[in-house]
Amino acid sequence: QVQLQESGPGLVKPSETLSLTCAVSGDSINSNNWWTWVRQPPGRGLEWIGEIYHTGRADYNPSLKSRVTISVDTSKNHFSLNLTSMTAADTAVYYCARHGVNGWAFDYWGQGTLVTLSS
Amino acid sequence: QSVLTQPPSVSGAPGQRVTISCSGSSSNLGHDVHWYQHLPGTAPKLLIYANNNRPSGVPDRFSGSKSGTSASLTITGLQADDEADYYCQSYDSTLSTFVFGPGTMVTVL
């Protein structure tokens, strides 16, 4: 059973950088899948942030591209999200997910972690 | 503002059938559509992939279809634990991003 678990700070100060990690179990991050970050601001819908392949190739949402970096650590079987210059608009539940090449859907998701801006 | 449109809510009595629509344009629903069930505080769950395929373990009460720039998710034999938010999702080739619908809340009366 594939499982993903997000970890990271629940509070981030304005203008600082958010760093989250997603630990993957039940699958190798070297498998033929992409590894994705999605977020959901309070009361709003889901937004795709970006994703990465185990080779390090990454794709990002153009609306966030200038502030986002996704990286992968194959030795730890996890991948990470960095989002710079945080503002109140970045307050959201952040999910990691597997983007399966079989059907190209987000087939496994983490429980999500709430990130709030705090001054 | 999402490029995909879904009704905010649908409701039905236990045992009934409900259908959730998802509409868009050729730049997004020209691609495959996927559907997710989401209970707040939990991990979203993939219900339908590539328009009309169910992952292993998803009951056949859930079915999907797509025609042109519209897609739909149908739940038959509605059950109390079907109460959740449902999202359609596709890729938008104009925006170069994966997109989600705004979500539809299903209420079991």
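The values are calculated or read from the model by the stated rules, or taken from the named source; none is laboratory data. The structure presented is a predicted model; accordingly, all values stated were derived computationally and were not measured. Neighbour counts run over all protein chains shown; Cβ positions are idealised from the backbone, glycine included. In case anyone asks, the SASA skips ligands and DNA or RNA and just uses the protein heavy atoms, side chains included. Shrake-Rupley method; radii C 1.70, N 1.55, O 1.52, S 1.80 Å.
Only one of these conditions is not met by A:Thr55: (1) in contact with a Ser or Thr (Cβ under 8 Å, 6 or more places away or on another chain); (2) assigned to a loop (DSSP other than H, G, I, E, B). Which number is it?
In the conditions (1) in contact with a Ser or Thr (Cβ under 8 Å, 6 or more places away or on another chain); (2) assigned to a loop (DSSP other than H, G, I, E, B), A:Thr55 misses (1) alone.
Please enumerate the residues belonging to the stretch B:72-97 that are in a strand (DSSP E or B), of a type in the set (Gly, Ala, Ser) and more than 13 Å from every other protein chain (Cβ to nearest Cβ).
Of everything in the stretch B:72-97, those that are in a strand (DSSP E or B), of a type in the set (Gly, Ala, Ser) and more than 13 Å from every other protein chain (Cβ to nearest Cβ) turn out to be B:Ser72, B:Ala84.
Given (1) over 12 Å from the mean Cα position of the chain (by Cα); (2) at pLDDT 95 or above; (3) of a type in the set (A, V, I, L, M, F, W, C), identify the lone condition not met by B:Ala84.
(1)
Looking at (1) small (Gly, Ala, Ser); (2) in a loop (DSSP other than H, G, I, E, B); (3) exposed (fewer than 14 other Cβ atoms within 10 Å of the Cβ), which one does B:Gly30 not meet, given that it meets all the others?
Among (1) small (Gly, Ala, Ser); (2) in a loop (DSSP other than H, G, I, E, B); (3) exposed (fewer than 14 other Cβ atoms within 10 Å of the Cβ), B:Gly30 violates only (3).
Just for the stretch B:91-109: of the residues that are among the aliphatic types (A, V, I, L, M) and either modelled with pLDDT under 95 or more than 14 Å from the chain's Cα centre (by Cα) (or both), which one is most open to solvent (accessible area, probe 1.4 Å)? Show your work before the answer.
Within the stretch B:91-109, the first condition is being among the aliphatic types (A, V, I, L, M), and the residues that meet it are B:95, B:99, B:105-106, B:108-109.
Remaining after also requiring either modelled with pLDDT under 95 or more than 14 Å from the chain's Cα centre (by Cα) (or both): B:95, B:108-109.
Details: B:Leu95: 81, B:Val108: 23, B:Leu109: 134 Å².
For the stretch B:91-109, the residue satisfying everything is B:Leu109.
Kindly provide the set of residues from the stretch A:101-111 that are open to solvent by 10 Å² or more (accessible area, probe 1.4 Å), within 7 Å of chain B (Cβ to nearest Cβ), touching a residue at least 40 places away in the same chain (Cβ under 8 Å) and not in a strand (DSSP E or B), ordered by number.
Answer for the stretch A:101-111, where residues must be open to solvent by 10 Å² or more (accessible area, probe 1.4 Å), within 7 Å of chain B (Cβ to nearest Cβ), touching a residue at least 40 places away in the same chain (Cβ under 8 Å) and not in a strand (DSSP E or B): just A:Gln111.
Results for (1) closer than 20 Å to A:Asp107 by Cβ; (2) open to solvent by 60 Å² or more (accessible area, probe 1.4 Å); (3) polar (S, T, N, Q), shown as yes or no for each residue.
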{"position": "A:Gln3", "(1), (2), (3)": "yes, yes, yes"}
{"position": "A:Cys22", "(1), (2), (3)": "yes, no, no"}
{"position": "A:Trp34", "(1), (2), (3)": "yes, no, no"}
{"position": "A:Val38", "(1), (2), (3)": "yes, no, no"}
{"position": "A:Ile49", "(1), (2), (3)": "yes, no, no"}
{"position": "A:Ile52", "(1), (2), (3)": "yes, no, no"}
{"position": "A:Pro62", "(1), (2), (3)": "no, yes, no"}
{"position": "A:Asn82", "(1), (2), (3)": "no, yes, yes"}
{"position": "A:Met86", "(1), (2), (3)": "no, no, no"}
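Scan the stretch B:76-90 and give yes if some residue there is more than 26 Å from A:Tyr94 (Cα to Cα), open to solvent by less than 70 Å² (accessible area, probe 1.4 Å) and touching a helix residue (DSSP H, G or I) at 6+ places or on another chain (Cβ under 7 Å), otherwise no. If you could, list the steps in order and put the result at the bottom.
Going residue by residue through the stretch B:76-90, those that are more than 26 Å from A:Tyr94 (Cα to Cα) are B:76-80.
From the residues that got through so far, the ones that are open to solvent by less than 70 Å² (accessible area, probe 1.4 Å) too are B:76-78.
Among the residues that remain, those that are also touching a helix residue (DSSP H, G or I) at 6+ places or on another chain (Cβ under 7 Å) are: none.
No; the residues of the stretch B:76-90 include none that is more than 26 Å from A:Tyr94 (Cα to Cα), open to solvent by less than 70 Å² (accessible area, probe 1.4 Å) and touching a helix residue (DSSP H, G or I) at 6+ places or on another chain (Cβ under 7 Å).
Considering only residues that are within 17 Å of B:Ser9 (Cα to Cα) and among the small types (Gly, Ala, Ser), look in the stretch B:62-81 and name the one that is farthest from the chain's Cα centre (by Cα).
By that ranking, first place goes to B:Ala80.
Okay, residues lined up against (1) part of a loop (DSSP other than H, G, I, E, B); (2) modelled with pLDDT of 95 or more:
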residue: A:Gln1; (1), (2): yes, no
residue: A:Ser28; (1), (2): yes, yes
residue: A:Gly43; (1), (2): yes, no
residue: A:His99; (1), (2): no, yes
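Could you tell me whether B:Ser9 is surrounded by fewer than 22 Cβ atoms within 10 Å (Cβ to Cβ) and either in contact (Cβ under 8 Å) with a residue 40 or more places away in the chain or of a type in the set (Lys, Arg) (or both)? Give the derivation first.
Values: surrounded by fewer than 22 Cβ atoms within 10 Å (Cβ to Cβ): yes; either in contact (Cβ under 8 Å) with a residue 40 or more places away in the chain or of a type in the set (Lys, Arg) (or both): yes.
Considered against the rule, which asks whether it is surrounded by fewer than 22 Cβ atoms within 10 Å (Cβ to Cβ) and either in contact (Cβ under 8 Å) with a residue 40 or more places away in the chain or of a type in the set (Lys, Arg) (or both), B:Ser9 comes out as yes.
Looking at (1) assigned to a loop (DSSP other than H, G, I, E, B); (2) open to solvent by less than 10 Å² (accessible area, probe 1.4 Å); (3) closer than 22 Å to B:Val108 by Cα; (4) not charged (D, E, K, R), which is the only condition B:Gly15 fails?
Here B:Gly15 meets the rest and fails (2).
Go through (1) open to solvent by 20 Å² or more (accessible area, probe 1.4 Å); (2) away from chain B (no Cβ under 14 Å); (3) touching a Gly at 6+ places or on another chain (Cβ under 8 Å); (4) under 22 Å from B:Gly41 (Cα atoms) and name the single condition A:Ser71 misses.
(4)
Listed residues B:Ala50, B:Ala43; which is more than 12 Å from the chain's Cα centre (by Cα) and farther than 10 Å from B:Tyr87 by Cα?
On the way: B:Ala50 fails: more than 12 Å from the chain's Cα centre (by Cα).
One residue alone meets the criteria, B:Ala43.
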